[in-house]
Amino acid sequence: MKFNQSNIKKAKKYLNKNYCIGVPTETVYGLAANAYSNYAVKKIFRLKKRPKSNPLIVHYSNINDLKKDCLINNNFLKLYKKFSPGPLTYVLNLKKNSKISKVVTNKDNSLAVRFPKHKIFKQLLNKLDYPLAAPSANISTRLSSVQASDVNEEFGNSIKYVLDGGKCSIGLESTIIDLTNKPRILRLGGLEVSKIEKILGKKLKININPKKKISPGQSQLHYSPGIPLRMNVIKPKKNEAYILVKKKKISPSNYFYLSKKNNLKEAAKNLYSFLRKIKNEGYKSIAVEKVQNIGIGQSINDRLKRASKF
Ligand code: AMP
Ligand code: MG
């Protein structure tokens, strides 16, 4: 990782000029722009080929800045105290006088917000006079980026700069909770739902595949490596890449172990980079061993299921 203060200054310079840049977060890399600028934010949609109807997550460095734009409530405060900064995104109601670009929210009056934990991203946010809209740094429906080189692979010269912050420590997108009404989960992600339920003291409605889509992360095809993927495979076909969590005694060249010790967190961290690597090595299809559907394993299975719709 090549990082120093002058890189943060460079990032700030581009953002102040309304460019989009790649930024590191603990979940996945983001494609960031000034959330108060219609002009800057429109570029995010263009670059990602993202439908305008899909709103963006806005990143804040602290709660006081958030309060300028959003209305907060008790559930938010309980969760914020426990989980922020970190991989939890809150959907809140916007204030009438909020400066958030209408392009970010597709004119809706709710806003998805997150407080990132990644040190470099936090340092950058602290130096800016505006929050950053930053969806995942990938072309829509494709794999998210978990290192600076992935962002370059996705966008090449069409973006000015990627702030390199090393490999993402979580490797999956944030969990999204809607707090505008009765709390409900809109996306499984880096924070386990059971931990959120513990703090709120109740079971949460999981609304990740609604008939009427609220989030693009809810679309059936998403997070796709661009080649077919099969789940719960016991025996892979010849020439197929085989992804496993549990280490077996054998390691043929087409076997890819997501974890050294059957650890689901480590598996989540490696998932996207393995999928990208397998595609780049020229495999034509991917088989995945059954992944335990507990804790972060549920988020892994959610992503695999959507990737398998290719
Ligand atoms: P990404 O940053 O690429 O992971 O995508 C952001 C996710 O947050 C998408 O699934 C969005 O639809 C979701 N999102 C953003 N704003 C809202 C909102 N106001 N209500 C519901 N979901 C949202
Ligand atoms: Mg995304």
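No lab work stands behind these numbers, since they all come straight from the coordinates. Being a predicted model, the structure only gives us computed values, none of them experimental.
Miscellaneous remarks
- The chain: most fluctuating residue of LYS52, LYS246, LYS182 per GNM, C-alpha cutoff 10 Å: LYS182
- Cα Rg, Dmax (largest Cα-Cα span) when computed across the chain, Å: 18.9, 61
- Mean-square fluctuations from a GNM of the chain, with a 10 angstrom spring cutoff on Cα atoms, peak among LYS247, LYS127, LYS198 at LYS198.
- The Rg/Rh ratio for region 230-310, using Cα coordinates for both the radius of gyration and the Kirkwood hydrodynamic radius, is 0.92.
- For region 41-83, taking Cα atoms only, Rg and Dmax work out to 14.0, 37 Å respectively.
- Of SER149, SER253, SER224, the one that fluctuates the most in a GNM where the chain has Cα springs shorter than 10 Å: SER253
- Note on the chain: antiparallel DSSP beta bridges, both residues inside, total approximately 50 percent of the bridges counted.
- Mean separation of Cα contacts under 8 Å, 6 or more apart, over the residue count of region 104-193: relative contact order %: 17
- If the segment from LYS82 to SER53 were pulled out straight at 0.36 nm per residue, it would be longer than the present Cα-Cα gap by 7.3 nm.
- In plain terms, if you count all Cα to Cα distances in region 1-131 and split them into 10 Å steps from zero, the share in each step is 12, 45, 36, 7, 0 percent.
- Within region 1-134, percent of DSSP bridges classed antiparallel, to nearest 5: 80
- The value of relative contact order for the chain, using C-alpha pairs under 8 Å at least six residues apart, is 20 percent.
- Two-decimal ratio, region 114-224, of alpha-carbon radius of gyration to 2.2 N^0.38 Å: 1.21
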